[in-house]
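Trainee: This is the structure I have questions about; it appears just below.
Just so it is clear, none of the values below were taken in a lab; they were calculated from the coordinates. Everything numeric here is computed off the predicted structure, so don't read it as measured data. Positions of Cβ are generated from backbone atoms using ideal geometry, with glycine treated the same way; all protein chains shown enter the neighbour counts.
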């Protein structure tokens with residue numbers, strides 16, 4: 001009986017132990033809304049995860065495609081958590097491209113949207129008065 005328990009674990013516990021979510025409550029919410037899936041299928045938070053299955057996670061517009069390498073019910077360090085899964089090369093490339101696209105969009109946005117602050121107005125006035 002112990003060997004069957006060790007070969008599977010609840011999805012919400014695994015997501016929490018793999019440090020993909022800060023709490024089990026957030027992991028449960030993600031699973032229920034379809035943000036976290038197993039083998040691209042919606043499942044319940046108590047769905048048993050097994051070694052070798054694929055877990056898809058979407059957070060803040062970014063996607064992770066993970067293969068389960070190990071199971072753990074305990075949340076350890078980030079180094080320990082990284083041993084629980086392996087991310088596909090395609091997933092890494094897509095996520096890095098999205099992050100680069102977001103950085104480029106943010107760099108082209110104005111730095112001070114709206115009215116300048118009192119400090120910014122004083123600096124501008126000092127600059128204009130120098131001439």
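Trainee: Condition first: outside any strand (DSSP E or B) and free of Cβ contacts under 8 Å to residues at least 40 places away in the same chain. Now tell me which residues in region 67-79 satisfy that.
Mentor: 69, 70, 77, 79, listed by residue number.
Trainee: OK, next. Hey, any hits in region 80-88 for a residue that's surrounded by 16 or more Cβ atoms within 10 Å (Cβ to Cβ), under 13 Å from the mean Cα position of the chain (by Cα), in contact (Cβ under 8 Å) with a residue 12 or more places away in the chain and assigned to a strand (DSSP E or B)?
Mentor: No, that holds for no residue.
Trainee: For region 25-58: of the residues being more than 14 Å from the chain's Cα centre (by Cα) and under 19 Å from residue 76 (Cβ atoms), which is surrounded by the most Cβ atoms within 10 Å (Cβ to Cβ)?
Mentor: Among those residues, the one meeting the criterion is 49.
Trainee: Which number in (1) surrounded by 17 or more Cβ atoms within 10 Å (Cβ to Cβ); (2) farther than 27 Å from residue 99 by Cβ marks the one condition that residue 65 misses?
Mentor: Here residue 65 clears every test but (2).
Residues are listed down the side, and each one gets a yes or a no for (1) within 21 Å of the chain's Cα centre (by Cα); (2) in contact (Cβ under 8 Å) with a residue 60 or more places away in the chain; (3) in a loop (DSSP other than H, G, I, E, B):
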| site | (1), (2), (3) |
| --- | --- |
| 103 | yes, no, no |
| 113 | no, no, yes |
| 125 | no, no, no |
| 128 | no, no, no |
